[in-house]
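Colleague: My questions will all concern the structure given below.
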Amino acid sequence: MTLNLVDFERKARSAVESFWKNREAAKLKQIESGNADHGERAGVTAGKNMDGFLALMLDVIRNNGLKDAEIHQGRTMLTLPGYFRPTKLWDLLVVHNGVLVAAIELKSHVGPSFGNNFNNRTEEAIGSACDFWTAFREGAFGAQPRPFVGWLMLVEDAPGSSSPVKDKSPHFPVFEEFQGASYLKRYELLCRRLMQEGLYTTAAVLSTPRNALETEAYSELSPMTGLRQFVAALAGHVAAEAARIGG
């Protein structure tokens, strides 16, 4: 069966445009209402910014053999049991005949603050994956094949994210590949290592400038951590699950 990548590049450009439009609309609404929660934080708390990428994932799933799968996007249906904590809220879950097929996280990071937020995102990604796979090992999802677990990060391409960053480690040296690496490069290294260590089936990072509101522009940092790799891996997993169950 040939995988259907659903014209993902065109849809990703539309998703990027929607991302910036939703942020700007949320900020404007907050400012007009006189609410103190305005500026960059308003764009984050809007909650709909990554919906374009969510729609892309839905197209991949529906066009690669699992048309009848339960695809959950509503908040009340997005929790899975954890091991170190009772539950974890995901952005997209796919269940078919009682089998967890996929769990996906869609994240974004916009300036001006990149340092602390990068560390928080990193710790969250690692912690969530460790919790998930330990729960899987302990039978939280029943006896089933390993599901697809994906993590996608969209980062603003700005001086603060693309410029070299210095670190202080007075007792032991920082790994060479991190020395002077920008936050975008650090996200790329994070994605590589999340996959290398088996914490995520695939992890991707995309960068996009603010003028993508007009241009729909986005960039990949490497083929290994790019959108094609993510979409192809998801499509392949869905097709394999459909073949396994005879769907």
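Colleague: For M195, tell me the accessible area in Å² from a 1.4 Å probe, rounded to the nearest 10.
Modeller: About 40 Å², ignoring ligands and nucleic acids.
Colleague: Can you give the net charge of the other residues whose Cβ lies under 12 Å from the Cβ of V174, counting K and R as +1 and D and E as -1? Can you show the working numbers first?
Modeller: Numbers: positive: K166, K168, R186; negative: D167, E176, E177.
Taking every Cβ under 12 Å from that of V174, the sum is 0.
Colleague: All other residues with a Cβ under 14 Å from the Cβ of L54 taken together, and with Lys, Arg as +1 and Asp, Glu as -1, what is their net charge?
Modeller: On the way: positive: K11, K48, R62, R75, K107; negative: D51, D59, D91, E105.
Net of charged neighbours comes to +1.
Colleague: Now for a separate question. First compute the accessible area of the stretch 110-232 with a 1.4 Å probe, then give the percent of it belonging to carbon and sulfur atoms. Walk me through the intermediate numbers first.
Modeller: Working: 3260 of 6140 Å².
Answer for the stretch 110-232: carbon and sulfur cover 53 percent of the accessible area.
Colleague: I'd like the distance separating the alpha-carbon centroids of the stretch 12-31 and the stretch 127-154, in whole Å.
Modeller: That distance is 31 Å.
Colleague: Using only Cα atoms and rounding to the nearest 10 degrees, what angle (0 to 90) does helix 115-137 make with the longest principal axis of the chain?
Modeller: The angle comes out at about 10 degrees.
Colleague: Measure nothing but the geometry: give the 0 to 90° angle between the long axis through the Cα atoms of 8-33 and the longest principal axis through the Cα atoms of the chain, rounded to 10°.
Modeller: Taking Cα atoms only, the helix is inclined about 50 degrees.
Colleague: Show me, for the stretch 67-72, the HN-Hα J-couplings you get by feeding each phi into the Karplus relation (A = 6.51, B = -1.76, C = 1.60, θ = phi - 60°), rounded to Hz, glycine and proline as x.
Modeller: So the J values, rounded to whole Hz, are 5, 9, 5, 7, 10, 9.
Colleague: Pull up the cross-link candidates among the lysines for K29, meaning alpha carbon to alpha carbon under 17 Å and not fewer than 8 places away within one chain.
Modeller: Of all the lysines, those that pass the test against K29 - Cα under 17 Å, at least 8 places apart if same chain - are K21, K48.
Colleague: To continue, here is another question. Taking amide hydrogens as modeled 1.01 Å from N in the peptide plane, which residues meet the under 5 Å criterion relative to L206, leaving out close sequence neighbours?
Modeller: M153, L154, V155
Colleague: Please list 3J(HN,Hα) in residue order for the stretch 184-191, calculated via the Karplus relation 6.51 cos²θ - 1.76 cosθ + 1.60 where θ = phi - 60°; whole Hz, with x for glycine and proline.
Modeller: Going residue by residue, I get 5, 5, 5, 5, 5, 5, 4, 4 Hz, with x marking Gly and Pro.
Colleague: Please turn the phi angles of the stretch 161-167 into ³J(HN,Hα) values with the Karplus equation 6.51 cos²θ - 1.76 cosθ + 1.60 (θ = phi - 60°), one per residue in order, whole Hz, x for glycine and proline.
Modeller: After applying 6.51 cos²θ - 1.76 cosθ + 1.60, I find 9, 10, 8, x, 10, 9, 10 Hz.
Colleague: Still on this structure: Assuming a ≥ b ≥ c are the square roots of the Cα gyration tensor eigenvalues, decide whether the stretch 103-247 counts as rounded (a/c under 1.5), prolate (otherwise, with a/b larger than b/c) or oblate. Walk me through the intermediate numbers first.
Modeller: Details: a/c = 2.44, a/b = 1.46, b/c = 1.67.
Oblate, since a/c reaches 1.5 and b/c is not below a/b.
Colleague: Counting each DSSP H run of 4 or more residues in the chain as -39500 (n - 2.57), what helix-only mean residue ellipticity at 222 nm follows after dividing by all residues, to the nearest 500 deg cm²/dmol? Let's see the in-between values first.
Modeller: Numbers: 8 runs with 108 residues, N = 247.
Result for the chain, helices only: -14000 deg cm²/dmol.
Colleague: Now for a separate question. Just the number, please: Stokes-Einstein D of the chain in µm²/s, Kirkwood Rh from C-alpha pairs, 4 °C, 1.567 mPa s. Spell out each step's value before the answer.
Modeller: On the way: Rh = 19.1 Å.
My calculation gives 68 µm²/s for D.
The values are calculated or read from the model by the stated rules, or taken from the named source; none is laboratory data. It should be emphasised that the depicted structure is a prediction, and the values quoted were computed from it without experimental measurement. Here Cβ is always computed from backbone atoms with ideal geometry, including for glycine, and neighbour counts include all displayed protein chains. We work out accessible area using only protein heavy atoms, side chains counted, and drop any ligands, DNA or RNA first. Shrake-Rupley method; radii C 1.70, N 1.55, O 1.52, S 1.80 Å.
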